[in-house]
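The values are calculated or read from the model by the stated rules, or taken from the named source; none is laboratory data. Only a predicted model underlies this, so the values are computations on that prediction, with no experimental measurement involved. Backbone-built Cβ (ideal geometry, glycine too); neighbour counts: all protein chains shown.
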Amino acid sequence: MYHFKSKHESKFAVWLERSVELCYIKSWAYEPQTFIFDWIQCGTRSYCPDFCVNWFDAPDKPATHAIWYECKTYIVKRDNTKWRRLLKLHPDLKLVIVFDGPRKKERAKIDQRIPLARVTDFKELGVT
């Protein structure tokens, strides 16, 4: 059993659990790993994405690939710093920022230099 920090995360976890039951995804985990930025002397020195989701590559293949998800309702400056540092440390990692609704102002705050896999919202993903 997990203790989520927000209703937003809880709602996303329910959707993930339903996706596992329907065999859309293989598995998911809540905050399974904290990434440490050893080279940083001050400021944001670590980051723990909300979810890691293991997706099937294809229905007939057991191989999976992981995508990390961050559930947000608003963005502060240090969020961009964390994401930029994470993707510098792990350039092959896929990170998706998920908003609970079409937050155009918040999406605009995301640093355009961050090569995110995608920025989306619950409606676009089909989360109800």
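Looking for whichever is farther than 16 Å from VAL127 by Cα and at pLDDT below 90 here; the options are THR34, THR73, THR64. Which one fits?
On the way: THR34 fails: at pLDDT below 90; THR73 fails: farther than 16 Å from VAL127 by Cα.
Criteria check complete, one pass: THR64.
Of everything in segment 5-34, what is touching a residue at least 40 places away in the same chain (Cβ under 8 Å) and surrounded by 14 or more Cβ atoms within 10 Å (Cβ to Cβ)? Give them in sequence order.
Those that are touching a residue at least 40 places away in the same chain (Cβ under 8 Å) and surrounded by 14 or more Cβ atoms within 10 Å (Cβ to Cβ): HIS8, GLU9, LYS11, PHE12, TRP15.
Can you tell me which residue among PRO115, PRO102 is surrounded by fewer than 18 Cβ atoms within 10 Å (Cβ to Cβ), in contact with an Asp or Glu (Cβ under 6 Å, 6 or more places away or on another chain), over 15 Å from PHE51 (Cβ atoms) and modelled with pLDDT under 75? Walk me through how you get there before you give the answer.
On the way: PRO115 fails: in contact with an Asp or Glu (Cβ under 6 Å, 6 or more places away or on another chain).
Within the list PRO115, PRO102, the selection yields PRO102.
Return the total of residues in segment 1-15 being aromatic (Phe, Trp, Tyr), in a helix (DSSP H, G or I) and in contact with a strand residue (DSSP E or B) (Cβ under 6 Å, 6 or more places away or on another chain). Spell out the reasoning first.
In the first step, residues of segment 1-15 are kept if they are aromatic (Phe, Trp, Tyr); the result is 2, 4, 12, 15.
Those left that are additionally in a helix (DSSP H, G or I): 12, 15.
Among the residues that remain, those that are also in contact with a strand residue (DSSP E or B) (Cβ under 6 Å, 6 or more places away or on another chain) are: 12.
Qualifying residue count, segment 1-15: 1.
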